[in-house]
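The values are calculated or read from the model by the stated rules, or taken from the named source; none is laboratory data. Since the model is a prediction, treat every value here as computed from it, not as a measurement. Every residue, glycine among them, receives a Cβ derived from its backbone with ideal geometry; neighbour counts consider all protein chains shown. Only protein heavy atoms, including side chains, enter the accessible area calculation; ligands, DNA and RNA are left aside. Shrake-Rupley method; radii C 1.70, N 1.55, O 1.52, S 1.80 Å.
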Amino acid sequence: MRFLVYWLSSAATWHPRVRGVLLCASAAVAGLLTQALVQACSDVMEPTGTDTHFPMVYGDRPTVAQLTDLGRRMFSDTGLSASGKLSCASCHDPKAAYGPPTRRLLQPGGLAMDRTGFRNTPSLRYLHSPVAFTEHFYEVEATGGKDDQGPTGGRTWDGRVNTGHDQALMPLMDANEMANPGKEAIAARLAKSAYANAFAEAVSPPGENIFDDPDSAVLWMTVAIETFEQSRADFHPFTSKFDSYLRDEVDLTPAEKRGMALFNDMKKGNCASCHPSTHKQAGVRFPAFTDLGHVALAVPRNKDLAANQDPEFFDLGLCGPLRTDLRDRPEYCGLFRTPTLRNVALRHHFFHNGALHSLRDVVEFYATRDTNPRKWYPMGADHQVQKYNDLPRQYWTNVNADIPFKPLPDGRARLNPREINDIVAFLGTLSDGFLPPKAASAPAPARPAARAGGACRRS
């Protein structure tokens, strides 16, 4: 319901014709919302879209199928970039769960393909039901009380845009990526594409040509990409071993089971406090493994980033430099959005700056950041460890110190090497593309993993 309310509340900012399509869609499905939300993440492949439930309800407006097809073609079209060499898929490869296609930390872009940004490329999978960014996300607890979870939601590492179409526009105009100077240039490139006629036929008002209005053409273009990114088979297939386990199609190995227990244990890994391993909504079986919250982890500075060659440069997440509306909120400096852990084992670089390069190192960092900082941070000229070296000292109070960062009473880390390996084994079950053996004829009752409690963003 939050997703529908958010779309309706933001509708005033859309072009009238786009607003008509999306508001008609919202109105049409309002009566079936609860059922639709359950089906969206269930293991039953239900048909969706206007062609299934409401044929021709939009009249001359484009169908979901049309927009999905157009968005798919746009997503892989290098002709939409100023260089003619970069597409969305160049950084979000379908073969890599829509994450980075190579082991390179950053993909080159720009007009001459010689520029890079300073943030690790996230996967685009499992972003189909986000919440709009809010500084105070109140979660209703089982006791009936409300708990302020702090900054939550939005898209990108700093949550600075809320809609898929706004997010799709960002790389098109980013000087480090597709480098278009403005919407007119994007529309002109779109008009030269192999699918330009199909696009114009789908979205042009009767008797008009959408390309006569570059702003509307670009808006429809980003809506098409947004619609494609809602495609279940591509972007939220739920085909991991863990999903098969929830369907009772396969069992986990002993190491994976131990890892799952540690993942959920509030006194050990406590991972589920930010990466919930169950879904709170009744009837929805498959979790997203993110609460969409923003948290400061004090990840080590990545010396391989060009931007970090300037000792005065710091990427502070919510308070800048890319996000500007919270630049005067020091309590938000160093906070970045919690990503999904689905397909995390497929990645080669981790965290917002790509500072760590193996999944085992990531888990060990959580366990030993504060018990063995020498492993993660460099030594200074004074022979002292430069702890939290990618965050100015005045913001250190923002750094999360909950379990597993918090040591045991005797000073030891919460996780030992074997336990770290077990959690890594469990995380490996979250990769899509698992092919389960033939399901048993009489499956046992479902065995969802218990979600741990905790409040990962209260520190």
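Rounded, prolate or oblate: which fits region 91-134 when a ≥ b ≥ c are the square roots of the eigenvalues of the alpha-carbon gyration tensor, with rounded for a/c under 1.5 and prolate only if a/b beats b/c?
Working: a/c = 2.72, a/b = 1.58, b/c = 1.72.
Cα axes put region 91-134 in the oblate bin.
Under a 1.4 angstrom probe, counting protein chains only, how are ARG327, ARG232 ranked by accessible area, largest first?
ARG327, ARG232
Arrange the peptides 127-133, 211-217 so that the one whose residues have, on average, the most other Cβ atoms within 10 Å appears first.
Values: 127-133: 19.4, 211-217: 16.9.
The densest-packed peptide leads the list: 127-133, 211-217.
For ASP114 and ALA306 in the same chain, what is the full-extension length gain: residue separation times 0.36 nm, less their Cα-Cα distance, in nm?
Details: separation 192, 0.36 × 192 = 69.12 nm, distance 1.19 nm.
Extra length available between ASP114 and ALA306 comes to 67.9 nm.
When only C-alpha pairs under 8 Å and at least 6 residues apart count, what is the relative contact order of region 300-369, in percent? Present the calculation step by step, with values, prior to reporting the outcome.
Details: 59 pairs, mean separation 15.9, N = 70.
Relative contact order for region 300-369 comes out at 23 percent.
Name the long-range amide H neighbours of LEU356: under 5 Å, sequence gap of 5 or more, or other chain; modelled H, no Pro or chain starts.
For LEU356, whose amide H was placed from the backbone, the distant partners under 5 Å are PHE350.
Mind checking region 300-388 for GluC sites (Glu not before Pro) that DSSP puts in a loop (not H, G, I, E or B) and that have at most 16 other Cβ atoms within 10 Å? Before the final figure, lay out the partial values.
On the way: sites: GLU312, GLU331, GLU364; in loops: GLU312.
Sparse-neighbourhood loop GluC sites (Glu not before Pro): GLU312.
So for region 94-196, averaging the separation of alpha carbon pairs under 8 Å that are six or more residues apart and normalising by length, what relative contact order in percent results? Write out the running numbers ahead of the final one.
Details: 129 pairs, mean separation 22.8, N = 103.
After rounding, I find 22 percent.
For ALA65 paired with ASN372, estimate the spin-label separation in nm (one decimal), with each label point 7 Å from Cα along the Cα-to-Cβ line.
Distance between the two pseudo-spin positions: 5.7 nm.
Taking only protein heavy atoms and a 1.4 Å probe, what accessible area per residue, in Å², does region 290-334 have with all protein chains in place? Let's see the in-between values first.
On the way: 2050 Å² over 45 residues.
Result: 46 Å² of accessible area for each residue.
Provide the per-residue ³J(HN,Hα) series for region 390-407, in order, calculated from phi with Karplus coefficients 6.51, -1.76, 1.60 and θ = phi - 60°, each as a whole number of Hz, with x at glycine and proline positions.
Working through the residues one at a time gives 10, 9, x, 4, 5, 10, 5, 5, 7, 5, 5, 10, 6, 4, x, 4, 5, x Hz.
Take the alpha-carbon centre of region 150-167, take the same for region 94-125, and report the distance between them in whole Å.
With region 150-167 and region 94-125 each reduced to a Cα centre, they are spaced 19 Å.
Let me have the relative contact order for region 143-300, percent, based on Cα pairs under 8 Å that are six or more residues apart.
Once divided by the residue count of region 143-300, the mean separation gives 20 percent.
Give me, ordered by chain and number, the residues 5 or more places off GLN386 or on other chains with an amide H under 5 Å from its own placed amide H.
Excluding prolines and chain starts, which carry no amide H, the hits are MET379, GLY380.
Mind checking which aspartates and glutamates have their C-alpha under 14 Å from LYS375, skipping anything on the same chain fewer than 8 residues away?
Reachable aspartates and glutamates: ASP361, GLU364.
Check LEU335: other-chain or 5+ apart residues with amide H under 5 Å from its amide H, H built from backbone geometry?
LEU318, CYS319
Looking at the square roots a ≥ b ≥ c of the eigenvalues of the Cα gyration tensor of region 98-224, which shape do they give, rounded for a/c under 1.5, prolate if a/b is larger than b/c, or oblate? The partial results should precede the final answer.
Details: a/c = 2.76, a/b = 1.48, b/c = 1.87.
Oblate, since a/c reaches 1.5 and b/c is not below a/b.
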